[in-house]
Amino acid sequence: MTDPLITATGDGVPLVVEPNTPPSKKLPPGEWVKANLFSNWYNSLVTLVMAVILIYLARFLIGWAIGVEWQITRTNLRNFMVGGFPADELWRPWAASLLIIAGASLGFGAMSRAEHETDVRNGIPSTKPTQLDLFRRFWPIVLLSIFFVSFARTTPPFIGVAVGIVGLFALREVGWRLPAVIRDRGVFVFAAFLLAGFGCLAGTGGLLAIVAGIIVAVLVSTELGRAGITTRAVVIAGPIAAGLVTYFVLSAIGLEGFGWDDWGGFHITIFATAVGIATGLPFGILLAIGRRSNLPVIKTACVIFIEFVRGVPLITLLLFSSFMLPLFFPAGSDTRSGLTRAMILITAFSAAYFAEIVRGGLQSVPKGQTEAAQASGMSPGAIQRLIVMPQALRNVIPAMVGQAIALFKDTSLLAIIGIADFFQYGEISNTQQDFLGKGLQPVTYTFIALGYWAVAYWMSRESRRLEMKLRVGVR
Amino acid sequence: MSSTPMLRRILAMLFAFALVGSACSSGDDTSEATDSDGNTVTTADDGNGDDGDTDNGDGEETIELVQGDGVLAAVQARGTLKCGGNDTLPGFGIIDADGEFSGFDIDFCRVLAAAVLGDSEAFEILPLTAAQRFPTLQSGEIDVLIRNTTWTASRDGSEQATFLHPTFYDGQGFMVRSDSGIASLDDAQNTTICVLQGTTTLLNMNAVLGDRGISFTPLEFDSNDTLQPAFVAEQCEVWTSDASQLAAFAATLDIDVTVLPDIISKEPLGPVVADGDSQWAQIVDWATMATIQAEEFGINSGNVDSFLTSEDSGILRFLGQPVEDGDGNSAVADVGLGLPADFAYNIISQVGNYAEIFEANLTPLGLERGPNALWTEGGIMYVPPFR
């Protein structure tokens with residue numbers, strides 16, 4: 001099949017533009033070493049000195065890691081991972097993790113297939129990503145799982161991690177091969193698995209049912225759009241009815257679970273980050289739009305909020321959540337747990353930072369874009385949604401991921417207000433009778449540092465991949 | 001333009017995350033599912049409205065609180081006791097390898113749960129930092145604070161807190177390396193002393209050593225986790241802390257250390273409740289004291305059942321058993337605390353007496369009973385009679 005866009009010259013000869021790529025600078029290993037390490041006598045000297053230092057450091061670190069007693073992380077592995085989660089309910093976090101991996105894997109498989117098909121349709125060269133590509137994307141996480149599980153003292157965790165890794169690679173293939181009907185709804189596949197995983201942890205009642213209801217409503221609304229149905233009554237009533245049914249069905253099931261107050265360790269760290277990003281980003285976008293609004297009250301309110309939150313350190317906000325927020329609840333009422341209150345302030349914090357990042361993105365969109373859209377008769381909402389926001393967000397993805405990574409590391413401040421997150425278990429494990437006074441802090445904090453590093457590094461790699469994918473910097 | 005659908009997908013995904021995030025705040029509260037009405041389904045933010053409803057419901061309990069029997073009623077209605085505790089204090093409150101809280105203070109939370117609810121496992125621990133403990137107690141988030149808190153006049157007076165019978169008499173001590181040549185505090189002239197910041201320990205030390213004319217340089221740390229390596233690395237000659245903590249570290253450090261004989265302060269540690277509910281304060285007080293009385297009677301978790309048929313009317317009354325009065329009528333005495341008659345029996349059979357709690361948590365750290373021995377054995381643990 002020949003794409004008409006490419007055969008546009010009229011004389012039947014395809015016009016194929018061959019981009020001029022710079023000549024490859026790849027050298028054979030021997031020459032590379034000579035050119036980069038031993039090009040002249042003083043470079044050779046520097047290379048040798050640095051090599052000695054590096055070898056010494058590596059020997060020291062490896063010798064330390066082998067010689068040191070890792071028993072403390074072995075004994076406390078469960079604490080580091082899930083904290084005080086009830087021991088006989090551990091299938092819940094396992095099931096949740098595996099379901100989320102499965103959803104992500106299926107969803108990514110389906111979505112990359114959908115993108116592939118779009119690219120092929122538009123004549124853009126595209127090949128199916130290989131398993132090696134997938135491994136390149138996820139190796140820090142895979143490695144971290146293996147690192148964590150290497151401290152396990154029983155078999156089930158090894159099986160769990162193995163299933164997770166195999167699932168990650170296998171289900172992507174399944175996702176790739178899903179029929180187009182399901183494939184094009186990859187986001188909803190992912191959301192369904194995410195919700196199922198969350199249901200395993202926290203049960204089906206309460207807000208989970210509400211969220212599921214909203215997602216089903218969104219799904220129905222998209223489906224109606226796809227089917228080309230525009231009847232007002234159907235478009236409004238259909239999604240609401242579907243959402244309500246989902247809500248009541250899930251509530252009626254009433255599967256019980258454990259909310260986040262029973263969680264701890266790495267779970268809390270990941271979860272606090274996810275909530276901070278997922279709730280902070282929408283609020284941040286609203287704040288950014290509000291700050292550019294022409295309505296003085298809205299604009300001032302947004303400016304005050306953003307500047308106040310950005311002007312105080314996160315630890316101050318967390319202490320505020322711990323000490324002052326309870327005063328805002330009616331006396332004697334349930335003031336919610338410390339973690340819930342902290343999450344409110346973490347959301348506010350990340351919203352303020354995201355708002356400024358998004359505002360930077362909005363300002364980078366030329367005014368002509370808006371004006372052209374206005375001239376063609378688009379509504380203000382549609383202009384924001386379809387013209388301005390996509391371009392603005394595309395431009396600031398690296399900054400947003402940077403903020404997400406910062407937030408991930410900042411969650412360790414939760415330890416200051418007494419929340420037993422991944423970081424806090426470093427101190428907790430060192431006060432246990434078996435390890436007290438043994439000076440094992442270097443061991444626990446190395447363990448913790450590796451945990452943080454792997455995830456942060458993975459996030460920064462994903463950001464670079466997204467950048468390239470969205471061709472940020474190429475306009 | 002191929003980027004736009006991709007971006008929309010990302011946004012949709014983030015949105016999904018956001019929704020899940022908001023879902024969880026109620027995950028722990030399954031009852032909310034039945035409370036909430038259909039109206040809350042339309043937007044994610046309505047979850048907060050949902051909370052509002054719950055708060056209104058609790059508002060009615062507030063009125064009861066003011067009337068006087070609030071905390072007991074609230075605990076009984078809830079079915080669990082909420083204690084403020086510590087999760088990083090060796091011997092007193094730690095989280096063990098199974099993720100469970102354990103320690104001396106934790107056991108007294110257990111004691112209270114056994115007394116009030118008849119089940120020593122019906123409790124929750126909220127780990128608190130030193131700065132958080134009083135605000136958390138005042139906000140009503142916890143029913144009782146059992147977190148190595150020293151009873152002082154200013155805290156009793158200005159923190160809206162009521163201190164109850166001490167469970168442990170501690171004091172500030174000093175520890176040195178055995179080869180340092182320091183045998184008493186007076187030898188510690190011109191030394192560097194490692195101390196935790198923001199504690200009364202530092203204030204005490206400044207006052208007492210200043211009075212004695214001993215000059216020193218304090219080296220402050222925010223946790224024992226950072227202080228201990230500094231002491232081992234000889235950044236300071238002396239480590240000051242509560243004597244119980246020093247004993248714990250002395251028993252486990254790899255280097256030879258000596259705890260100096262000087263104790264420079266009184267640190268009575270015990271449970272604390274919020275001001276304004278004297279019935280609840282009495283309940284906590286007598287539940288705590290029952291463990292000490294049990295030791296005095298020689299009753300422990302192993303032999304408590306054999307005392308149910310005791311000849312001693314004092315013991316029978318203590319355990320909530322019928323006692324014959326002068327006329328031969330047999331009746332269970334109600335002391336009027338609002339506790340079940342057999343609360344002491346529940347405490348001892350489910351948790352143990354004071355000696356058992358001490359030996360389970362503090363003896364392994366190398367701590368002696370010292371002042372915490374019974375008054376009959378040279379200590380100062382003395383409780384009013386259970387009559």
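So if we plug the beta-carbon distance of A:K469 and A:F169 into 1/(1 + (r/R0)^6) with R0 = 30 Å, what FRET efficiency do we get, rounded to 0.05? Provide the component values of the computation, followed by the final result.
On the way: r = 21 Å, r/R0 = 0.68.
That pair, A:K469 with A:F169, gives E of 0.90.
Only DSSP H runs of four or more residues enter the estimate; each adds -39500 (n - 2.57), and after division by the residues of chain A the mean residue ellipticity at 222 nm equals -23500 deg cm²/dmol.
Between the C-alpha center of region B:117-191 and that of region A:144-166 there is a gap of 41 Å. Shielding value for A:195-208 is 6, the average number of Cβ atoms from other chains within 10 Å of each residue's Cβ. Using a probe radius of 1.4 angstrom, the carbon and sulfur fraction of the accessible surface of region A:337-475 is 61%. Computed about the Cα centre, the dipole magnitude for the protein assembly as shown is approximately 6580 debye when only Lys and Arg (+1) and Asp and Glu (-1) carry charge, each at its Cβ. A Cβ-based charge dipole, computed about the Cα centre of chain A with Lys and Arg at +1 and Asp and Glu at -1, lands at about 840 debye. Take the accessible area of A alone and of B alone, subtract that of the pair with a 1.4 Å probe, and the total buried over both chains is about 6500 Å². Ranked by the mean number of other Cβ atoms within 10 Å of their residues, highest first, the peptides A:195-206, A:369-380, A:426-437 fall in the order A:195-206, A:426-437, A:369-380.
Of the solvent-accessible surface of region B:172-265, computed with a 1.4 Å probe and all protein chains present, 47% belongs to carbon and sulfur. If the cut-off is a Cα-Cα distance under 28 Å, which lysines reach A:K367, setting aside same-chain residues fewer than 8 apart in sequence? Within the straight-line limit of under 28 Å, A:K367 reaches these lysines: A:K299, A:K469.
Shielding of peptide B:97-107 by partners, expressed as the average count of other chain Cβ atoms within 10 Å per residue Cβ, is 4. Residue by residue, region A:253-259 carries 3J(HN,Hα) couplings of 4, x, 5, 8, x, 10, x Hz when phi is fed to the Karplus relation 6.51 cos²θ - 1.76 cosθ + 1.60 (θ = phi - 60°); x denotes Gly or Pro.
Among the DSSP beta bridges whose two residues both lie in region B:172-265, what percent are antiparallel, rounded to the nearest 5? Mind showing how you got there, number by number?
On the way: 8 of 16 bridges.
Antiparallel bridges: around 50 percent, rounded to the nearest 5.
Looking at the protein assembly as shown, the DSSP beta bridges with both ends there are about 60 percent antiparallel. Each part gets one Cα centre, and for region B:211-239 versus region A:405-475 those centres are 29 Å apart. On full extension of the chain, what length is gained from A:W70 through A:L244, given 0.36 nm per residue of separation minus the C-alpha to C-alpha distance? So the extension gain works out to 57.5 nm.
Think of a 1.4 Å ball rolled over the protein heavy atoms: region B:172-265 then has 42 Å² of accessible area per residue.
The values are calculated or read from the model by the stated rules, or taken from the named source; none is laboratory data. Quick caveat, the model's predicted, so the values are computed rather than measured. Using ideal geometry, Cβ is built from the backbone for each residue, glycine included, and neighbour counts are taken over all protein chains shown. For accessibility, only protein heavy atoms count, side chains too; no ligands or nucleic acids. Shrake-Rupley method; radii C 1.70, N 1.55, O 1.52, S 1.80 Å.
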